[in-house]
Each structure stands twice: as C-alpha cells, then as structure tokens.
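Scroll down for the structure; my scribbles are underneath it.
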Amino acid sequence: MRSYKEIARRISKIIVSPESAIGLMHGIMSVPTDIDYLAYGFIDTDSYRERQREKTRMIEAIRFGIFNNHHFTKTIQIVIENFNRHVPENKQNAIYSKTVASVAGRTLTNSIIAGKLATAIVQRSSALVSIRGGVIGNALLAGGMAERRIYTSERLSQNNPTIYNLLRDHNYDLLYFLVEPALNPFFDALNVRRKYGQRAFEKIIDMVEKELHAKR
C-alpha cells in the first residue's frame, strides 16, 4: 500500500487539477494487460457462465449509450461522494475552499472535478481503437478489455462492496475499469479507512489539507 503522504499528495493534485489524473492512467492503454486478461479468461473455466452473463449485460449497456460522457461523470461523482461521506464537514470546508471561492459550492466543486476527470477519461479511452489498429488486433484486444472489465469489477465488489453496489445499480461498474486508475488515490484512502479505521483515514485528510495549503 502507498504511504499516507503519497495518497494525500495524489488526492490534492486531483482536487486542484483534475486533468492531472490523466498521468495516472497509463494502464488504460496497456495492450499487454489486455492480452493477459484475455489469456486468463481462457483458462478460468469455473467462472465462464458468469462472465458470459456479464458480457451480455455489457453489450446491452453499450447499446443504450453507457460510454456517453455524462455516465463517466456520474460514475466519478458516486466515488467522490462516497469518499466525502467519511470526511468531516469542517475538513471538507477546508479542502474545497482551496479550490473554489465559496465553501457553499462543495457539491458544485465535486461536479466540476468529476466533469473534468470524465472528459479526460473519455478523450483517452476513445483513442483506444484508433491507436491499437487492425481489425483482428482490435477484436482480440476488445475481448481482452471485456475480460479486464469483468475481473476489475469483481475485484471492486470484494474490496469495496459499498461503492460496487452503488455503481452496479446504474451499470456504472461497467465503466469502473476505465476510471479506476484516475481515482486510485481515493480508493487507497478508503481502503486505509476500511483496514485501519476512521482516525487513520483522517490523518490522510489532514495531509491533503496541508498539501493544498502549500499549493496556494
């Protein structure tokens, strides 16, 4: 697990400049990763039927526009709002007042952060097909991405069932594998809370506040 200071540094960087999270998203473009997931899917025969059901759900969601920008925005908002539920209100005031003129705009600030992150993710992920090129190669990698989506979502259900259920209610767990790299610092902080309690989580929040104060 990353150090508290590193988690806080990454969270503060995203709060100040959501677009900077794109630098954390190299995994989205990882061809070897997709091939690894595709290979693992072939040998994982025990979960074959469940994965086929998940692929069918994904096809239906794609048909109804799951990859539209506003769905990415809502996915990110759900994660950040869940994160904020555990941040004391006075700390939220201190953190978000560093990024907007009025503390009353906390909810608006969440929307702005989510919107900018979503735009960066959509722009990055929309380049996947054109960059990878080739009909056969794209079909192979699309299969790998499908497997990757399924296993990443399953991992979320085990590590953070609360967020998983919130996302699953809207089929947003289908987008999780694309937003995960950008939102990792928030998930890391929530995992600290789950493993070590609220006091440990608030240590990270204190560090976030200090990082933001240093950036002013």
Condition set of a type in the set (Phe, Trp, Tyr) and without any contact (Cβ under 8 Å) to a residue 12 or more places away in the chain, scope the stretch 46-81, selection surrounded by the fewest Cβ atoms within 10 Å (Cβ to Cβ): answer is PHE64
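Just checking, which of ALA182, ALA189, ALA200 is modelled with pLDDT under 90 and either in contact with a Gly (Cβ under 8 Å, 6 or more places away or on another chain) or of a type outside the set (Asp, Glu) (or both)?
ALA182
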Restricting to the stretch 159-216, name every residue that is without any contact (Cβ under 8 Å) to a residue 12 or more places away in the chain, open to solvent by less than 70 Å² (accessible area, probe 1.4 Å) and not in a helix (DSSP H, G or I). GLY197
Out of all the residues in the stretch 196-216, which are under 20 Å from the mean Cα position of the chain (by Cα) and either closer than 14 Å to ILE14 by Cα or of a type in the set (Lys, Arg) (or both)? ILE205, VAL208
So, in the stretch 167-195, how many residues would count as being in contact with a helix residue (DSSP H, G or I) (Cβ under 9 Å, 6 or more places away or on another chain) and under 24 Å from ALA8 (Cβ atoms)? 17
Residue set ALA39, ALA101; condition open to solvent by 20 Å² or more (accessible area, probe 1.4 Å) and either modelled with pLDDT of 70 or more or assigned to a helix (DSSP H, G or I) (or both); output residue ALA39
Can you name the number of the only condition in (1) touching a helix residue (DSSP H, G or I) at 6+ places or on another chain (Cβ under 6 Å); (2) among the hydroxyl-bearing types (Ser, Thr, Tyr); (3) modelled with pLDDT of 80 or more that SER20 fails? (3)
Is it the case that the stretch 108-118 has a residue that's at pLDDT 75 or above, assigned to a helix (DSSP H, G or I), polar (S, T, N, Q) and open to solvent by 10 Å² or more (accessible area, probe 1.4 Å)? no
Would the stretch 151-158 turn up any residue that is modelled with pLDDT of 85 or more, within 17 Å of PHE83 (Cβ to Cβ) and out of contact with any strand residue (DSSP E or B) (no Cβ under 8 Å at 6 or more places or on another chain)? yes
Of the conditions (1) modelled with pLDDT of 75 or more; (2) over 19 Å from the mean Cα position of the chain (by Cα); (3) among the aromatic types (Phe, Trp, Tyr), PHE177 satisfies every one except a single condition; which number is it? (2)
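The values are calculated or read from the model by the stated rules, or taken from the named source; none is laboratory data. This one's a predicted model, so the numbers in the text were calculated from it and none came from an experiment. Quick reminder, even Gly has a Cβ in these numbers, built from the backbone with ideal geometry, and neighbours come from all protein chains shown. We work out accessible area using only protein heavy atoms, side chains counted, and drop any ligands, DNA or RNA first. Shrake-Rupley method; radii C 1.70, N 1.55, O 1.52, S 1.80 Å.
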